Amino acid sequence: ETGVTQSPTHLIKTRGQQVTLRCSSQSGHNTVSWYQQALGQGPQFIFQYYREEENGRGNFPPRFSGLQFPNYSSELNVNALELDDSALYLCASSSTGASGANVLTFGAGSRLTVL
Amino acid sequence: AQRVTQPEKLLSVFKGAPVELKCNYSYSGSPELFWYVQYSRQRLQLLLRHISRESIKGFTADLNKGETSFHLKKPFAQEEDSAMYYCALRRDSGYALNFGKGTSLLVTP
């Protein structure tokens, strides 16, 4: 059984550019959520995908978008990067059943630096 | 809106001393509360959740709805407990976790 894997681990972009971060969910998990963790802060919920559709979103602008694929892997896309987008982006997978979402399993994160 | 507060940014205790990491929340519904831990150079992982009512690595946490708290406790701290601890809340009708800012626990010999 593999855990949650994210790529790339580190990347540097400049303001205005676009970035795509990738996540492979843990085996057996059908739900993926993304969190942004700024330095010195706790993770903040961006959005969640279940059955290839967004089914929950935090307080993030539309330039943050995502996808989930049939194999449950996911992408996070951020357009028009701003300096404040510099953060660790965490992907978490879980299994969702009739009783709701179960415990999240987190990846190691992708550290984005925007210059 | 729901909010999770961890009032201590850093908590330093001696090995063998009791430790309590505080977590308070604001939410009028029936939340699900979690403690996540991040050890040095490791990923964020679940420590315990209130509905399980179990002790993990000697840690326990009781949900006190009257005081809206979910403090994490351990009677005798060990050096390997040094880590970043995050309290998180899930609303009764949602799936997203609301995290606090975290408390860095340092256990010194």
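Only the coordinates and a few stated rules stand behind these numbers; no lab work does. Source: prediction; values computed, not measured. Virtual Cβ from ideal backbone geometry, glycine too; neighbours counted across all protein chains shown.
In a DSSP loop and with at most 15 other Cβ atoms within 10 Å, the GluC sites (Glu not before Pro) in region B:12-109 are B:E54, B:E67. In this structure, B:S55 and B:E79 have a Cβ-Cβ separation that, at R0 = 25 Å, corresponds to a calculated FRET efficiency of about 0.85.
Using only the Cα atoms of chain A, each taken as one equal point scatterer with no solvent, compute I(q) by the Debye sum, divide by I(0), and report log10 of the ratio at q = 0.10, 0.17 Å⁻¹. Log10 of I(q)/I(0), two decimals: -0.26, -0.75. Simple point charges give the picture: +1 on the Cβ of Lys and Arg, -1 on the Cβ of Asp and Glu, and for chain A a dipole about the Cα centre of about 180 debye. Applying 1/(1 + (r/R0)^6) with R0 = 30 Å to the Cβ-Cβ distance of B:A17 and A:L39 gives a FRET efficiency near 0.55.
Spacing of the modelled spin labels on A:T5 and B:S28, each 7 Å from Cα toward Cβ, amounts to 4.7 nm. Note on region A:12-65: along the principal axes its Cα atoms extend 36, 24, 21 Å, ordered by decreasing extent. Dipole orientation for the protein assembly as shown: of the candidates A:T105, B:G58, B:L21, B:L21 has the Cα lying most toward the positive pole (charges on Cβ; Lys, Arg +1; Asp, Glu -1). Put simply, the amide H of B:S12, placed in the peptide plane, has neighbours under 5 Å in B:L106, leaving out anything fewer than 5 places away on its chain.
Which whole-angstrom value gives the distance between the alpha carbon centres of region B:51-109 and region A:76-98? Result: 24 Å between the Cα centres.
Other residues whose C-beta falls under 13 angstrom from the C-beta of A:S74 contribute a net charge of -2, scoring Lys and Arg +1 and Asp and Glu -1.
The mean number of Cβ atoms from other chains found within 10 Å of a Cβ in peptide B:96-103 is 6, as a whole number. Dipole size of chain B about its Cα centre, with +1 on Lys/Arg Cβ and -1 on Asp/Glu Cβ: approximately 220 debye, rounded to the nearest 20. Here each label is just a point 7 Å from Cα along the line to Cβ, and for B:R91 and A:E54 those points are 1.6 nm apart. At full extension, A:Q17 and A:R111 could sit 32.3 nm farther apart than now, given 0.36 nm per residue minus the alpha carbon distance. Considering only Cα atoms, the convex hull volume of the protein assembly as shown works out to 127 Å³ per residue.
If the segment from A:L83 to A:L67 were pulled out straight at 0.36 nm per residue, it would be longer than the present Cα-Cα gap by 3.4 nm. Springs join every pair of Cα atoms under 10 Å in this Gaussian network model of chain A, and among A:Q18, A:Q36, A:Q48 the largest mean-square fluctuation is at A:Q18.
Taking A:N59, A:N71, A:N79 in turn, the Gaussian network model of chain A (Cα-Cα springs below 10 Å) assigns the largest fluctuation to A:N59. With both labels modelled 7 Å from their Cα along Cα-to-Cβ, the A:T96 to B:D62 distance reads 3.5 nm. Here, chain B is characterised by an Rg to Rh ratio of 0.96, where Rg is the alpha-carbon radius of gyration and Rh the Kirkwood radius. Annotation: aspartates and glutamates with alpha-carbon distance below 15 angstrom to B:K22 (same-chain offsets under eight excluded): B:E8, B:D62, B:E67.
Loop-located chymotrypsin sites (Phe, Trp or Tyr not before Pro) in region B:39-89 (DSSP state other than H, G, I, E, B) with a sparse environment of at most 14 neighbouring Cβ atoms within 10 Å: B:Y39, B:F76. When the Cα positions of B:T68, B:Q38, B:L48 are compared along the charge dipole of chain B, B:Q38 comes out farthest toward the positive end, with charges on each C-beta of Lys, Arg, Asp and Glu. Counting charges near B:T103 (Lys, Arg +1; Asp, Glu -1) among other residues having Cβ under 11 Å from its Cβ returns a value of +1.
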